[in-house]
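Q: Have a look at the structure that comes next, please.
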Amino acid sequence: MTSQADNYQAENYYEPEKNIGEVVLDVRDLRTYLYTRWGITKAVDGLNFQVRAGETLGIVGESGCGKSMTALTLLRLAPKPAARIVSGEIFLDGENILERPENEMRFVRGQKISMILQDPMTSLNPVFTIGNQMVEALGMYYQEEQQRGLRDRAVDILRRMGVAAPERRVMDFPHQMSGGMKQRVVGAMAIAGTPRVLICDEPTTALDVTIQAQYLRLLKQVQAESGVSIIFITHDMGVVAKMCDRALVMYAGRVVEQGDIRTLFKNPSHPYTKALMASVPSMEEKHVDKLYSIEGQPPALFDLPVGCRFANRCEFVTDKCIETYPPSFANEQGHSADCWLLEGQSEWRQVTEAGV
Amino acid sequence: MEQDVLLQATDLTKYFPVTKGLVLQKIIGWVQAVDHINFTIRRGQTLALVGESGCGKTTTAKLILRLERPTTGQITLETADVHNLEGEELKQYHTDVSAVFQDPWSSLSPRMRVRDIISEALVVNQKVTTKEAYDRVDYLLESVGLRAQQATLYPHEFSGGQRQRLAVASALVGNPKLICLDEPVSALDVSIQAQIMNLLKDLQDQFNVGYLLVAHNLATVRYLAHEVAVMYLGEIVEQAETDELYDNTLHPYTKALFSAALTANPDSQREEIILRGEVPSPINPPSGCRFHVRCPYAMDICSQEIPERKELAPGHFVSCHLY
Ligand SMILES: Nc1ncnc2c1ncn2[C@@H]1O[C@H](COP(=O)(O)OP(=O)(O)OP(=O)(O)O)[C@@H](O)[C@H]1O
Ligand SMILES: Nc1ncnc2c1ncn2[C@@H]1O[C@H](COP(=O)(O)OP(=O)(O)O)[C@@H](O)[C@H]1O
Ligand code: SF4
Ligand code: SF4
Ligand SMILES: [Mg+2]
Ligand SMILES: [Mg+2]
């Protein structure tokens with residue numbers, strides 16, 4: 001049972017200061033296609049984005065738009081044989097990891113880029129203790145002569161992830177822990193190799209709000225201490241607003257808009273982002289009569305239209321939109337969006353070709 | 001606006017036995033899932049239950065649906081004592097009260113056509129012809145924004161959002177007076193959530209049906225509910241009309257719960273209270289005020305005496321020694 005003193009500690013918390021550095025991850029024209037019996041599912045279809053050291057980048061978008069497949073591709077873990085990376089480059093610390101031979105990827109994963117999943121049970125083995133699993137994970141990153149101290153190291157990392165009495169916890173099996181605790185253990189394993197980039201794919205959807213709040217605060221602290229860049233995938237706009245510096249809005253395999261969080265929430269440019277933001281209810285607003293809602297559904301990724309993928313749901317659609325996929329337009333602030341409405345506007349500069 | 005009471009729960013309690021041993025099952029304790037709670041649902045209005053997982057929300061809904069029997073206490077719908085109904089009255093109850101659960105699959109059998117799934121409750125509980133039942137299904141499909149022609153499809157031929165609409169159509173089939181909605185939108189995409197929430201609101205206006213809404217998303221609750229009850233470890237700790245509660249949270253647990261909820265606003269300056277620890281086990285809940293082990297304001301009396309429920313503003317009830 002927690003003591004009263006523990007409860008009060010929560011009061012002495014300062015939002016850690018952000019320290020954003022050089023570009024760590026640079027993704028160019030990335031395409032991952034899945035070859036299925038329905039045809040070619042273009043789950044990731046021409047992604048361009050960068051992540052800086054110490055930055056948190058959100059990825060948002062409707063179910064099935066390619067968020068998780070993007071994450072798996074960055075780790076080179078997209079499901080085989082269905083998935084193939086058909087084009088692109090992933091520069092991590094200046095090196096294109098797509099050129100690494102497969103057998104070297106296990107060193108890249110964990111030490112350079114690592115991932116926390118939504119369901120901790122899929123990442124924890126039910127038949128081994130937490131301690132054994134952590135020692136095994138850590139063993140991948142340390143030389144043999146350093147391995148004797150691995151158990152202490154495991155205890156230390158658990159403590160950093162806010163696990164109380166970690167010396168005793170390492171002897172527990174996963175089923176003896178609550179959801180929030182398991183998520184911390186998974187988090188501890190993901191940061192054990194001190195990665196440069198940590199991908200979190202819906203890590204808090206299974207958690208209660210009070211536990212989610214603890215966990216998000218913890219991630220921020222870990223980031224402030226280690227300078228790790230975080231890619232945060234979620235449906236929850238509240239989590240994005242809280243955690244991220246910038247975000248990508250994905251729609252049907254593409255990034256349709258990207259920019260800093262304030263601009264995306266307050267002044268979005270792409271009609272899909274506008275509609276998405278308008279359909280989120282607010283707990284601060286009294287009596288809204290009717291929420292905005294986007295009718296219809298995104299197109300199937302194995303049967304994409306040639307034009308704008310949002311055209312069938314867009315209130316501003318024109319013939320041009322249906323005929324040709326819009327180019328990306330970018331402004332001075334590093335904000336960009338794929339939409340014909342931005343063509344010819346003075347602050348927007350065309351940065352890609354139309355129709356690809 | 002005073003509305004008449006549709007459903008009333010009085011002193012409602014549900015304990016589940018915790019047993020040990022395989023053959024001679026010995027009861028070694030009780031899960032106090034729902035513990036002496038009181039609430040009313042008004043005709044055509046929505047009461048929301050909020051709180052962390054395991055606090056007893058679903059058990060409360062199951063007690064109303066007669067999927068569980070209360071340990072003590074009573075539920076009345078209009079004037080009928082729900083757990084003492086028999087025969088025709090019981091059948092009528094099952095058409096008057098229905099449910100929509102989080103996972104639309106659980107209520108939709110995969111091998112039946114949508115129109116047979118939806119009309120099943122009608123055919124079982126009321127004497128209607130197949131023709132009448134199918135006509136009603138066509139009408140309901142249109143009401144929930146689908147097409148009558150889709151009645152002959154199977155559930156897997158619909159998207160997640162459409163399946164949730166089917167679940168709503170099924171729940172409406174008997175012209176119910178009350179629908180229990182247990183996390184009706186949390187498994188859906190943001191854009192689909194908005195569609196279903198609007199649908200639920202429209203249908204309530206149209207059919208004057210009452211809702212018991214179980215949801216953890218406080219923005220969803222603010223949009224849909226007229227009244228909110230906050231539960232912690234089986235008890236209702238605070239209860240008020242929606243706007244009153246959101247503008248004036250009083251109980252320390254409610255304050256923490258509301259402050260932990262994130263708003264889709266990067267400039268939000270709301271104060272954040274982060275609770276330490278997790279919800280204690282409902283098997284041997286803490287003495288006195290059950291929140292005292294996590295409460296930043298706990299005093300000596302809190303671990304010794306159960307706080308009384310007080311009405312601090314009209315219709316605003318709180319159980320806490322601070323008041
Ligand atoms: N193993 C697989 N084989 C074939 N297609 C797949 C596979 N996994 C995913 N897909 C398809 O790839 C597309 C992108 O899926 P992805 O998991 O990236 O979506 P997501 O954006 O993460 O969605 P969610 O928000 O529901 O998690 C979808 O159309 C999905 O059906
Ligand atoms: N059939 C059951 N047998 C034993 N315990 C149960 C049963 N159903 C629920 N419980 C327990 O009762 C408590 C309340 O559960 P529930 O009503 O499902 O919570 P919620 O819906 O608020 O998450 C939990 O501790 C849960 O584990
Ligand atoms: S390109 Fe056309 S259809 Fe696509 S989002 Fe812009 S206006 Fe809408
Ligand atoms: S009764 Fe005491 S412990 Fe319980 S909520 Fe109030 S102040 Fe906190
Ligand atoms: Mg996903
Ligand atoms: Mg529940």
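The values are calculated or read from the model by the stated rules, or taken from the named source; none is laboratory data. None of these values were measured; they are calculated from a predicted model. Cβ placement follows ideal geometry from the backbone for every residue including glycine, while neighbour counts extend to all protein chains displayed. Side chains included, ligands, DNA and RNA excluded: accessible areas come from the protein's heavy atoms. Shrake-Rupley method; radii C 1.70, N 1.55, O 1.52, S 1.80 Å.
Q: Quick one: net charge of residue B:68's neighbours, Cβ under 15 Å, K/R +1, D/E -1?
A: Combined, the nearby Lys, Arg, Asp and Glu give +3.
Q: Can you tell me the dipole magnitude for chain A around its Cα centre, using point charges on the Cβ only (Lys, Arg +1; Asp, Glu -1), in Debye to the nearest 20?
A: Value, rounded to 20: 660 debye.
Q: Nothing charged except the Cβ atoms of Lys and Arg (+1) and of Asp and Glu (-1): what's the magnitude of the dipole of the protein assembly as shown about its Cα centre? Round to the nearest 20 debye.
A: 1620
Q: For the stretch A:124-194, what does the relative contact order come out to in percent, with C-alpha contacts under 8 Å and a separation of six or more?
A: Taking the mean separation of contacting Cα pairs over the length of the stretch A:124-194, I get 44 percent.
Q: Can you give the Kirkwood hydrodynamic radius for the stretch B:111-262, in Å, rounded to one decimal and based on Cα pairs?
A: Roughly 17.0 Å, rounded to one decimal.
Q: Is it possible to state the helix-based mean residue ellipticity at 222 nm for the protein assembly as shown, with each DSSP H run of 4+ residues giving -39500 (n - 2.57), the sum divided by total residues, to the nearest 500 deg cm²/dmol? What is it?
A: It lands at -8500 deg cm²/dmol.
Q: Stokes-Einstein at 4 °C, 1.567 mPa s, Kirkwood radius from Cα pairs: D for the protein assembly as shown in µm² s⁻¹? Don't skip to the answer; put the middle values down first.
A: Numbers: Rh = 27.3 Å.
It diffuses with D of about 48 µm²/s by this estimate.
Q: Where is the GNM fluctuation largest for chain B (alpha-carbon springs, 10 angstrom cutoff): B:268, B:281, B:259?
A: Maximum fluctuation in the GNM of chain B, among the listed residues, is at B:268.
Q: With 20 Å bins from zero, work out the P(r) of chain A over every alpha carbon pair and list the percent per bin.
A: 27, 56, 16, 0
Q: If I fit a long axis through the Cα atoms of helix B:160-172 and take the longest principal axis of the Cα atoms of chain B, what angle between them do I get, 0 to 90°, rounded to 10?
A: Approximately 80 degrees, to the nearest 10.
Q: Please compute the contact order of the stretch B:5-319 in relative form: average sequence separation of alpha-carbon pairs under 8 Å and at least six residues apart, divided by the residue count, as a percent.
A: That works out to 21 percent.
Q: Given the whole protein assembly as supplied and a 1.4 Å probe, what does the accessible area of residue B:15 come to in Å², nearest 10?
A: Result for residue B:15: roughly 60 Å² accessible.
Q: Using only the alpha carbon atoms of the stretch A:13-60, find the Kirkwood hydrodynamic radius as the inverse mean reciprocal pair distance, in angstroms to one decimal. Provide the component values of the computation, followed by the final result.
A: Working: mean 1/r = 0.0745 Å⁻¹.
Over the stretch A:13-60, the inverse of the mean reciprocal pair distance is 13.4 Å.
Q: Evaluated at 37 °C with a viscosity of 0.692 mPa s, what Stokes-Einstein diffusion coefficient in µm²/s does the stretch B:5-319 have when Rh comes from the Kirkwood expression over alpha-carbon pairs?
A: It diffuses with D of about 157 µm²/s by this estimate.
Q: Taking 0.36 nm per residue of sequence separation and subtracting the Cα-Cα distance, how much length would be gained by fully extending the chain between residue A:91 and residue A:288, in nm to one decimal?
A: Taking 0.36 nm per residue and subtracting the Cα distance, the gain is 66.3 nm.
Q: Using only protein heavy atoms and a 1.4 Å probe, report how much of residue A:69 is accessible, in Å² to the nearest 10.
A: Here the residue's solvent-accessible area equals roughly 40 Å².
Q: Another one. Quick check: net charge around residue A:352, other residues with Cβ under 10 Å of its Cβ, Lys/Arg +1 and Asp/Glu -1?
A: Cβ neighbours under 10 Å give a net charge of -3.
Q: Would the stretch A:273-350 count as rounded, prolate or oblate if I go by the C-alpha gyration tensor, calling it rounded below 1.5 in a/c and otherwise prolate when a/b exceeds b/c, oblate otherwise?
A: Numbers: a/c = 2.44, a/b = 1.32, b/c = 1.85.
The shape class here is oblate.
Q: What is the calculated FRET efficiency for residue B:206 to residue A:278, with r their C-beta to C-beta distance and R₀ = 22 Å, to the nearest 0.05?
A: 0.35
Q: Could you compute the FRET efficiency for residue B:149 and residue B:248, with r as their C-beta to C-beta distance and R0 at 51 Å, rounded to 0.05? List each step's numbers first, then the result.
A: Working: r = 50 Å, r/R0 = 0.97.
Rounded to the nearest 0.05, the efficiency is 0.55.
Q: What's the FRET efficiency of residue B:10 with residue A:172 using the Cβ-Cβ distance as r and R₀ = 45 Å, to the nearest 0.05?
A: E between residue B:10 and residue A:172, to the nearest 0.05, is 0.60.
Q: In whole angstrom, how long is each semi-axis of the equivalent ellipsoid of the stretch A:124-194, when you take the square root of 5 times every eigenvalue of its Cα gyration tensor and sort them from largest down?
A: Values: eigenvalues 71, 29, 23 Å².
Rounded to whole Å, the semi-axes are 19, 12, 11.
Q: Any idea how far apart residue A:36 and residue B:129 come out in nm if each label point goes 7 Å out from Cα toward Cβ?
A: Those two pseudo-labels are separated by 4.4 nm.
Q: Another question, if that's okay. Over the Cα atoms of the stretch A:151-288, what is the Rg over Rh ratio if Rh follows Kirkwood?
A: Reported Rg/Rh, Kirkwood definition of Rh: 1.04.
Q: A further question follows. With +1 on each Lys and Arg Cβ and -1 on each Asp and Glu Cβ, how big is the dipole of chain B about its Cα centre, in debye rounded to the nearest 20?
A: 980
Q: log10 I(q)/I(0), Debye, Cα-only the stretch B:181-249, no solvent, q = 0.21, 0.23 Å⁻¹?
A: -0.96, -1.10
Q: For chain A, calculate the relative contact order in percent as a whole number, restricting contacts to Cα pairs under 8 Å that are 6 or more residues apart.
A: Relative CO of chain A lands at 18 percent.
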